[in-house]
Structure formats: structure tokens, C-alpha cells
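Q: What follows is a single structure, and I will ask about it in a moment.
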Amino acid sequence: MTLRPFYNLVQLGLDEYEDNELVLNIVHDLTQFFEQQNCTCRHSKKQKDLRTCYEKHFGTLQNHLHTEGLSERIHENIGRIPMTDNRVFLNSEITFPLKQFLIQYSCIHGLPSPLRHRNDSNIFIYLPTDRTYTSVYKEYKDYYYTEHDESNQIISYYTFRRLWIEMMPYLKFQAPASDLCEICEGFKAKIKVAKSDADEHEKVQIQYENHQKLAKLERQHYNDNIEKSKNDLTIAHVCYDWAQNVFIPYSPQQVSSIYFKSAFSVHLFGVCKTEGGQNHQLNFVIGENELPKGTSKGANTTINMVYNSLQKFAQNGKKHLQITCDNCTGQNKNNLSLWFWSWLVMLNWYEDITVNFMIPSHTKFICDSFFGHIKKVYWKHKVNTINDVKNIINNSSNGNEAILYDNGINWNWYDFSAFFKNHFVPLPNITQFHHFRFSSEDIGKVYVSKESGGVESCYKLLKSDNFNKNSKPDLITTVSLTEERQNYLYSKIRQYVDEPYKDEYCAKPK
């Protein structure tokens with residue numbers, strides 16, 4: 001039999017129990033537990049000895065004995081439903097409708113921002129300043145319960161917010177009078193933190209000022225190009241960009257349940273010229289079943305519409321072409337676009353072409369203004385067909401004009417990628433440069449610089465002397481809606497379309 005150590009029961013206030021084996025056994029067990037460093041009493045801010053452990057554990061037992069007698073102690077959580085039983089299990093049946101809700105919500109209430117992810121085609125979309133995560137969550141709950149019974153559990157606010165950030169990080173709220181540039185905001189935050197460190201503060205301040213200086217330099221270059229095109233009619237200045245998609249059907253009194261559906265998508269691409277001070281934007285309206293196969297909204301699709309626009313309003317009588325666009329590598333700043341501009345100079349369309357890319361996060365320009373006019377009118381009108389979108393664009397402002405694909409009547413999709421790839425070479429480190437110049441005096445070459453007025457470097461792009469510049473690229477067919485997509489539009493979207501337009505995009509699949 002193991003001898004039990006001697007314990008100072010007087011110190012614990014238990015001297016009257018010195019002959020009670022039950023109490024002595026409890027004190028022994030508590031002492032062993034405490035000395036093995038398992039007890040949380042060791043982390044108490046008060047005394048860290050056996051008395052702490054005794055007051056916490058033995059004291060509880062003693063109080064129960066005095067109040068309840070020799071009865072079984074029952075934990076307070078016995079009989080309660082565990083928290084995990086009340087949680088909603090997250091799966092695609094919850095996350096997919098939530099994403100559809102956010103997409104629809106952003107299309108109706110949001111406006112595109114000039115910000116872009118540096119290596120992504122997604123633009124940032126900003127909701128008005130009067131919206132918050134809380135207010136949008138309340139609307140989500142209202143719409144959710146129009147589709148589901150009140151007894152159905154809904155995700156919590158915190159889960160809603162977390163999934164929003166994970167699935168749509170580019171959907172944000174516009175803060176009042178805030179700087180749209182996240183790079184600038186990042187520098188400002190670093191400057192505040194570095195106030196206590198003079199060297200670090202000065203270093204960040206210099207980086208911030210250099211960023212601002214470069215942004216202002218490129219902004220001034222953009223404004224100068226506009227002024228030149230106003231006063232010199234031999235110069236064509238063109239800007240282009242993709243807008244935020246719109247959806248069919250749409251109504252100002254939108255049925256709440258359609259927020260959780262994936263309606264028929266319509267893409268908008270704008271090409272704006274600033275000639276003679278009369279700004280005019282040609283807006284290409286493309287249904288989701290009218291994009292070219294294999295390229296979607298990439299570089300090949302983009303230059304097809306630029307090619308068509310230049311023939312319409314920026315070729316005849318022009319000697320110099322100035323292009324302004326943002327830094328999106330997937331659509332604008334890429335080798336296929338450089339080969340395209342080089343080819344236009346070979347065709348003698350222009351004596352020279354200069355392509356200018358604005359600084360990331362400082363790309364607000366004329367196209368955004370025309371898209372804003374379209375969005376304001378779109379909010380107020382019912383939309384059942386692409387022709388409705390066309391009418392909205394044409395009525396949004398004097399300078400806005402819509403053009404429909406219309407089964408290839410108004411333009412064709414060419415395979416420029418296959419046309420150029422065997423005859424041109426890529427430009428190394430293309431993302432480092434912001435200005436690209438092509439001249440008829442140096443066919444097949446490009447002059448690049450990192451800033452407006454900066455030192456130029458020359459690179460040869462044309463590698464094949466037998467390239468037939470006058471040949472035509474092959475045509476590309478459009479992508480058809482899959483059977484699954486047709487079934488979805490018929491079963492889920494058709495009910496929201498007015499008569500007699502239900503068969504336009506939501507007909508029963510054959």
C-alpha cells in the first residue's frame with residue numbers, strides 16, 4: 001500500500017476533515033494534478049499554489065454538498081443542443097445561390113471602377129456608400145425567404161461576409177471621399193505606421209511620392225493626347241475597355257428570386273474616339289452565345305472589335321494613331337496586341353501608332369464615363385432582349401452608339417492569334433513597359449519605354465520575311481450554348497421574361 005504524503009489541512013481550511021478519508025483522497029488527487037502542471041490554476045493572476053486549485057475545484061464540490069446534499073452533480077450544458085447542430089453545413093447548394101445573388105446585386109447597384117488586379121481581367125466593382133455588409137445581408141435574407149420556407153436555416157452574417165470575400169473579392173464598398181488607388185492607400189497606411197521610425201518613414205514617403213509622380217505624368221500624357229486629337233485632325237486618339245456585364249431579363253422592380261439565378265449574360269465593349277473634341281463611343285453588344293470559340297473575352301476578341309472600330313471611324317485621313325487603355329495583360333498589354341499594331345503599320349493604315357498604358361489603379365478615363373451613362377439608364381428600364389440593351393445605350397447620351405453582332409452581319413471574328421504566331425516573336429518583359437511606338441520607318445519593330453518621355457529601347461517583333469501582310473486571317477465561329485445551359489435558361493429564367501420574348505434566349509431545347 002502506497003503511503004499518502006502529509007498535507008497541511010490547516011492551510012487549506014480543512015483541519016476539521018483530517019480524519020475524513022474521502023477529503024484526504026480528494027486533496028491528494030488535486031495535489032498530484034497541480035504538480036503535474038496540468039491545472040489551469042497555474043496561469044491564475046492570483047496565487048499559484050494548491051490553494052488556488054482547491055478553491056476552484058474542491059470548493060465547487062463543497063458548495064454542492066451544502067446546497068444539494070449527496071446527489072449527483074449534473075453539468076449545466078446537459079440537455080442543451082450543441083452549437084454545431086445549429087450551424088448550416090456549407091456546400092454548393094448554399095454557396096452557388098449566394099454567388100449568383102452577389103453577381104446580380106453588383107450588376108444592378110454597382111459601378112465598375114478603374115482599378116484592376118494587375119494580372120487578372122476582373123475589374124473592381126464598387127457599391128454605393130450607403131451600402132454595407134449588414135444592409136446587403138438583410139436584403140439577402142429577404143430574398144432568401146421568398147424562395148425558401150421560414151423554417152429553413154440561413155447562413156449567419158459572419159459566414160455571409162466570409163463567403164463574399166472568398167468568392168467575390170473584387171466586389172467592394174466605396175468609402176466617402178476615398179482614394180480609388182489601393183496602392184496609394186497602402187502607402188498612406190505604411191506612412192502612419194512608420195511615424196516612429198524616421199528612416200522607414202522617409203523611405204515609404206519617397207516611394208509614395210514616386211508613385212504619385214508617375215501616375216500624374218501618365219495622366220498628363222493622356223490629357224495631352226486628347227488635346228492633340230482636338231486640334232490636329234491627322235491624329236486619331238482612341239480608348240477602349242470592357243464594361244461590366246448586364247443581364248437579360250432585368251426590371252427596375254426586379255423579382256427577388258432571380259437574384260439567385262444565372263440569367264442570360266450580355267457583354268459590353270466600348271471603343272471611344274476623342275477627335276475634334278466630339279467624344280464618341282462605339283459599344284459592342286455581345287450575347288453569351290455570340291463570343292468566338294476558344295477566346296472568350298481575351299486578347300483576340302478585344303482586337304477584333306478594335307479592328308472593326310478603326311475601320312469605321314479612325315482610319316480615313318489619319319496619319320497618327322494614339323491608343324490609351326488599361327494594364328490588363330489578358331486583354332490589352334500582351335504580345336498578340338503588339339503584333340496587331342505592328343501589322344496595321346505594315347498595311348500603311350498609319351505612319352505611326354503609339355500605345356499608352358495607364359498606371360495600374362489610376363486608369364479612370366473616358367470609357368468609364370460612357371459606361372456610367374449606360375448603367376444609369378439600364379437601372380430604370382425593363383430589358384427582355386439585346387435590342388432593349390441597344391436602345392438603352394443609344395438613349396443614354398449623345399456620344400453613345402450601340403452595335404449588335406447580329407449573326408455576324410456587323411462584324412466578324414478573326415483568328416488573329418493563328419495569323420500572327422508563326423511570323424512574330426514575343427517581347428521580353430512586356431509588363432515592365434507602359435509606352436509602345438510603331439513606325440512605318442522601322443517595319444516590324446517596336447520602341448518601348450517605361451514612362452512618358454522616357455528613354456526608348458528598340459525590339460524586333462517580325463521574324464519572318466515571307467509574311468504576307470495582305471492575306472486575311474481565318475474566321476472563327478461563335479460558341480453555342482451548351483444543352484445544360486439551354487435547359488437552365490428554359491427551366492429557371494424563362495418565367496421572368498415577358499411575353500412574347502420568352503423564346504428569344506430561353507426557348508425549350510430541341
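The values are calculated or read from the model by the stated rules, or taken from the named source; none is laboratory data. Owing to the predicted nature of the structure, the values given are computational and were not obtained by experimental measurement. Cβ: placed from backbone, ideal geometry, glycine included. Neighbour counts: every protein chain shown.
Q: Of the residues 232, 199, 241, only one is among the acidic types (Asp, Glu) and not assigned by TED's automatic domain parsing to the domain that holds residue 393; which?
A: The unique qualifying residue is 199.
Q: Looking at residue 253, is it part of a loop (DSSP other than H, G, I, E, B), surrounded by fewer than 17 Cβ atoms within 10 Å (Cβ to Cβ) and either touching an Asp or Glu at 6+ places or on another chain (Cβ under 7 Å) or without any contact (Cβ under 8 Å) to a residue 24 or more places away in the chain (or both)?
A: yes
Q: Same structure again: Against the condition touching a Gly at 6+ places or on another chain (Cβ under 9 Å) and either of a type in the set (Val, Ile, Thr) or more than 24 Å from residue 310 (Cα to Cα) (or both), how does residue 235 come out, does it pass?
A: The answer is no for residue 235.
Q: All but one of (1) within 12 Å of the chain's Cα centre (by Cα); (2) loosely packed, with under 15 Cβ neighbours inside 10 Å; (3) modelled with pLDDT of 85 or more hold for residue 118; which doesn't?
A: Going through the list (1) within 12 Å of the chain's Cα centre (by Cα); (2) loosely packed, with under 15 Cβ neighbours inside 10 Å; (3) modelled with pLDDT of 85 or more, residue 118 breaks only (3).
Q: Here is a further query. I'd like the full set of residues that are modelled with pLDDT of 90 or more, over 28 Å from residue 304 (Cβ atoms) and not hydroxyl-bearing (Ser, Thr, Tyr), limited to segment 451-492.
A: Once the filter is applied, which keeps residues that are modelled with pLDDT of 90 or more, over 28 Å from residue 304 (Cβ atoms) and not hydroxyl-bearing (Ser, Thr, Tyr), segment 451-492 yields 455, 456, 458, 487, 492.
Q: Going through 257, 265 one at a time, which residue ends up being among the polar types (S, T, N, Q) and either farther than 20 Å from residue 384 by Cβ or modelled with pLDDT under 90 (or both)?
A: 257
Q: Shifting gears a bit: What is the number of the single condition among (1) in the same structural domain as residue 408 (by TED's automatic domain parsing); (2) more than 30 Å from the chain's Cα centre (by Cα) that residue 451 does not meet?
A: Checking residue 451 against (1) in the same structural domain as residue 408 (by TED's automatic domain parsing); (2) more than 30 Å from the chain's Cα centre (by Cα), the one that fails is (2).
Q: Here is a follow-up. Quick one: residue 372 ticks every box in (1) surrounded by fewer than 21 Cβ atoms within 10 Å (Cβ to Cβ); (2) among the small types (Gly, Ala, Ser); (3) more than 28 Å from the chain's Cα centre (by Cα) bar one, so which box is it?
A: Among (1) surrounded by fewer than 21 Cβ atoms within 10 Å (Cβ to Cβ); (2) among the small types (Gly, Ala, Ser); (3) more than 28 Å from the chain's Cα centre (by Cα), the lone unmet condition for residue 372 is (3).
Q: Anything in segment 378-434 that is basic (Lys, Arg) and either surrounded by 15 or more Cβ atoms within 10 Å (Cβ to Cβ) or under 30 Å from residue 335 (Cβ atoms) (or both)? List them, or say none.
A: Within segment 378-434, 390, 421 meet the criteria.
Q: For segment 269-281, how many residues are crowded, with 22+ Cβ neighbours inside 10 Å and either in a strand (DSSP E or B) or without any contact (Cβ under 8 Å) to a residue 60 or more places away in the chain (or both)?
A: 6
Residue-wise test of (1) within 20 Å of residue 426 (Cα to Cα); (2) under 33 Å from the mean Cα position of the chain (by Cα); (3) crowded, with 18+ Cβ neighbours inside 10 Å; (4) not hydroxyl-bearing (Ser, Thr, Tyr).
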site	(1), (2), (3), (4)
299	yes, yes, yes, yes
303	yes, yes, yes, yes
310	no, yes, yes, yes
317	no, no, no, yes
328	yes, yes, yes, yes
333	yes, yes, yes, yes
336	yes, yes, yes, yes
340	yes, yes, yes, yes
345	yes, no, yes, yes
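Q: Still on this model: Considering each residue of segment 295-315, count those that are farther than 22 Å from residue 244 by Cβ and in contact with an Asp or Glu (Cβ under 9 Å, 6 or more places away or on another chain), and give that number.
A: 2
Q: Is one or more of the residues making up segment 466-485 surrounded by 11 or more Cβ atoms within 10 Å (Cβ to Cβ) and part of a helix (DSSP H, G or I)?
A: Looking through segment 466-485, at least one residue is surrounded by 11 or more Cβ atoms within 10 Å (Cβ to Cβ) and part of a helix (DSSP H, G or I).
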